[in-house]
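Heads up: the structure comes next, in structure tokens.
Quick note: the coordinates plus some simple rules give every number you see, no bench work behind them. Here the structure is a predicted model, which means the values were calculated and not measured. Neighbour counts are summed over all protein chains in view; Cβ atoms, including those assigned to glycine, are modelled from backbone coordinates with ideal geometry.
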Amino acid sequence: MWKTSRREIPLTHPLVIAILNVTPDSFSDGGRYSSIDAALKRAEEMISEGADIIDVGGESTRPGSARVSLADEIERVIPVVRVIAARFDVPISVDTSKSEVALAAIDAGAEIINDISGLRFDPKIADVAAETGAGLVLMHSRGEFETMHSQPPIDDIIAEVAADFRRSTALAGASGVAGAQIVLDIGIGFGKTLDQNLELLAKLDRLIADFPQFPMLVGASRKSFIGKLLDDAPTDKRLFGSLAAAAIAVWNGARIIRAHDIEETVETIRLVINIRQQI
Ligand code: 7PJ
């Protein structure tokens, strides 16, 4: 079970956490209300395709993205969280590294904080999780926001990620977050070389064995390492690569997969777990 501020989410089968971006691009055409409407429609679609959790994010962390102001992030994220929570019973996670956004999102109906910085950018995220009882995703990344994707390569990525998990889980625990609220994430694509992204997927079972008390989340969907392996395939040509990565992650013990393409990911996972059960 994954404990959030609103429920305990069963982890009896691998979950799909569906990406819902409310970044400026999705706001460039149409006004505020049509954007909210579009987000609500997309959420409904993803739920009907089998999404277990909707992950709402208002700050793009793709390479080259600029930091979004607190006010802008709140304006983008909160109305969308509010309408989804009012309409559906699906657990909502907020992809943010700002404690103020996290708290406002939880007030609006979110129940999980997804922090790509693993409490490095704003340690008060842990206090919000402790006070509200929200679920907390602690993802591994390196460097500051602006330099996350241009970190000098490090030697042993498995040891680095493990050390960071020990840091972030200890900090969360010291702030009063219960172990049952915490999910770990290897942070595919964040300050890793192509080979290190592949190594993390290949050896995921070892990392999981080192942290048996925490479920592992993996988000490889449409990421650039897939494009690099597939002759610079653009994001809309990375579906099969994304499904291969999801399959390997689940085979190696991931309990939650973060994805854009829900129906495809759900079907892939179902096949993998049924095969895995035969061992
Ligand atoms: C991740 C994320 C991830 C978690 C992003 C993108 C970049 N949150 N937010 N794990 N990636 N937990 O989706 O390409 O891998 S933003």
Springs between alpha-carbon atoms under 10 Å, Gaussian network over the chain: tell me which of Ala220, Ala202, Ala110 tops the mean-square fluctuations.
Ala202
I need Arg6, Arg167 ordered by Cβ neighbour count within 10 Å, fewest first.
Arg167, Arg6
Value at 222 nm in deg cm²/dmol, rounded to 500, when DSSP H runs of n ≥ 4 in the chain each add -39,500 (n - 2.57)
-13500 deg cm²/dmol
Cα centroid distance between the range 117-145 and the range 186-235, in Å?
20
Under a crude label model (7 Å from the Cα following the beta-carbon direction), how far is Leu229 from Ala178 in nanometres?
3.8
Pick from Leu171, Leu243, Leu70: which is most flexible by mean-square fluctuation in a GNM of the chain where alpha carbon atoms under 10 Å apart are linked?
Leu70
Placing +1 on each Lys and Arg Cβ and -1 on each Asp and Glu Cβ in the chain, then taking the dipole about the Cα centre, the residue among Ile273, His140, Ile92 whose Cα reaches farthest towards the positive end is Ile273
Note: probe point = Cα of Ile279 + 7 Å toward Cβ; backbone nitrogen < 16 Å; residues of the range 181-209 passing the test are 201-209
Distance in nm between Arg166 and Gln213 label points, each 7 Å along Cα→Cβ, equals 1.5
Stokes-Einstein D in µm²/s, Kirkwood radius over Cα pairs - the range 175-238 at 4 °C with 1.567 mPa s viscosity
98
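Given 0.36 nm per residue, what is the gain on full extension from Thr147 to Phe240 after removing their alpha carbon distance, in nm? Can you show the working numbers first?
Numbers: separation 93, 0.36 × 93 = 33.48 nm, distance 2.91 nm.
Extra length available between Thr147 and Phe240 comes to 30.6 nm.
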Can you work out the PRE-style zone for Asp205? Point 7 Å along Cα to Cβ, and I want the residues of the range 244-279 with backbone N under 13 Å.
248-254, 276-279
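Evaluate the charge dipole of the range 13-276 about its Cα centre and quote only its size in Debye, nearest 20, assuming +1 on the Cβ of each Lys and Arg and -1 on the Cβ of each Asp and Glu. Let's see the in-between values first.
On the way: 26 positive and 39 negative charges, 71 e Å.
The calculated dipole for the range 13-276 is roughly 340 debye.
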Take the cross-link list Lys41/Lys98; Lys98/Lys223; Lys124/Lys192; Lys124/Lys237; Lys98/Lys237; Lys3/Lys237 and give me the ones stretching past 28 Å between alpha-carbons.
Lys124/Lys237; Lys98/Lys237; Lys3/Lys237
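Subtracting the Cα-Cα distance from 0.36 nm times the residue separation, let me have the gained length for Phe88 to Ile154 in nm, one decimal. Intermediate values should be presented prior to the final figure.
On the way: separation 66, 0.36 × 66 = 23.76 nm, distance 4.31 nm.
Full extension from Phe88 to Ile154 adds 19.5 nm.
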Once the chain is represented by equal point scatterers at the alpha-carbon sites, with solvent omitted, what log10 I(q)/I(0) does the Debye formula produce at q = 0.09, 0.16 Å⁻¹?
-0.37, -1.35
Quick one: if you stick a label point 7 Å off each Cα along the C-beta vector at Arg62 and Leu198, how many nm between them?
2.4
What net charge is computed for the residues neighbouring Pro10, neighbours being all others with C-beta under 13 Å from the C-beta of Pro10, Lys and Arg scored +1, Asp and Glu -1?
+1
